[in-house]
Amino acid sequence: MHSTFDTLDFATDRFFMSSHAVGRPLRFRLPVFTLVALVVLLLLIGGRLEASEISSSKSGDLWVCGPANAPPCRAPSPDAATVVAGARGYPIAFFWSGDADLIIAARLPGRLRVGGEMNGDLRPVAGSPYQAIAIRMMHRDIEPMEFSLSADGKPLVQQRWPTRPTTSELRAGRLTQHELATPDGNGRRTISVYIPDGYASDPRRTAVLVADGQTLISYAKVVDAAIVAGRLPKVLLVGVWHDPQQRGAEYVRGQDPRRFEEHARFVEQVVVPFATRNLHAPTAWFIAGMSDGAAWALATQGANPSRYTGTIALSPVYGPITAMPGVGASGRIFVGWGLDEHRPPQIVKSLKTPTRGAVVCDASLPGGHTTETWAPLFILGLTWLASSGSACF
């Protein structure tokens, strides 16, 4: 049986290497100035590289296949039962198998290839209509990364690596996933839900609508820990997955107003009623987003001030959002950002003008434009919103 990594190409800022079969020599295409670096790397590893020892990292956060001192990571190709169950009939799907293997599957003709920071060909899965590839993620908590899928060289989809669902770490609640029909009935979309134990009996029943539902586990884990520690009441999180080909259009009204409104209708006509019927009818709603998702959160609250009484906007990047009707006119708004982003968002200054009616709190923490920075900021914002009488940090 061949390794999943038979045809993976790994690119770093230093060199490019391509392995085409387990046990065959790796072929290197190297500029002369990197030869010394390669020799040092080989000496450090201690011998001939095998496919199971290839490593690649992003800012030290992600090991795709660990270094020589890491556990073996020769991930087997996914079997038909795993792929069919995980793909659930979708023509293109990405999902986790176990706690470490990210599987990308497609029920499409042609040569299918994953591109981005990690590259490789999908292979036919015997006994199924799918082609698939499995990539083992050795690091416990990864930051989402961009990848693309192409067929015969033509781009099909662009997506972010989903954060690994380490749901075993949740002590105060559970994470679930649901497929909901769009208002026009022509498609289905995914939401992820974190629901604390005992939420139904909590008289406050606060819910937070969160952008980029693919990464909800990152925020569920810190909320879960805060609930266990008694720092937060029982808060429901509802993460709406973005369309991987239309993220900017769905979150920034100025890019594609039609697509923005389609996404808004799905949220208001499908997601919120679903939560009312099936998730114990939340009595209070906040809304949260990161980056472009923060612009969406601010715009959505501005358009629905009676529903969303609080907003968490982390590293908002779209300045003109403050000129849209209703933005910053009411409610409570928490704006957070990483100190490595070099400057406070201009949105903070705009939201704090005396002519606006919202109560604004802003805070920053060490870090950049990443989930690792946003997760603790999310807790700060939620703590402030949940304690309606508290002063800003």
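The values are calculated or read from the model by the stated rules, or taken from the named source; none is laboratory data. It should be emphasised that the depicted structure is a prediction, and the values quoted were computed from it without experimental measurement. Methodologically, a virtual Cβ is constructed for each residue, glycine included, from the backbone with ideal geometry; neighbour enumeration extends over all protein chains shown. Remember, those area values only see protein heavy atoms, side chains included, never the ligands or the DNA or RNA. Shrake-Rupley method; radii C 1.70, N 1.55, O 1.52, S 1.80 Å.
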Charge dipole of the range 235-393 about the Cα centre (unit charges at C-beta), most positive-ward option of Ile347, Tyr318, Ser330: Ser330
Looking at Thr283, Val267, Ala249, which one has the Cα that reaches farthest to the positive end of the dipole of the range 249-346 (charges on Cβ: Lys, Arg +1; Asp, Glu -1)? Thr283
Linear extension gain, Leu108 paired with His178, 0.36 nm per residue minus alpha-carbon span: 22.8 nm
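How long is the gain from Lys154 to Ala80 if the chain were fully straight, where each residue apart is worth 0.36 nm and the alpha carbon distance is subtracted?
The span from Lys154 to Ala80 would gain 24.0 nm if fully extended.
Can you tell me how much longer the chain between Asp243 and Tyr90 gets when fully stretched, taken as 0.36 nm per residue apart minus their C-alpha distance, in nm with one decimal?
Answer, rounded to one decimal: 53.7 nm.
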Enter the accessible area of Asp101 (Å², nearest 10), with the probe set to 1.4 Å and all protein chains included. 20 Å²
Using per-residue counts of other Cβ atoms within 10 Å, averaged over each peptide, order 362-368, 102-108 from highest down. 102-108, 362-368
Could you give the dipole magnitude of the range 200-273 about its Cα centre, charging the beta-carbon of Lys and Arg +1 and that of Asp and Glu -1, in debye to the nearest 20? 260 debye
Mind giving me the FRET efficiency for Arg231 and Lys349? R0 is 35 Å, r the Cβ-Cβ distance, nearest 0.05 is fine. 0.75
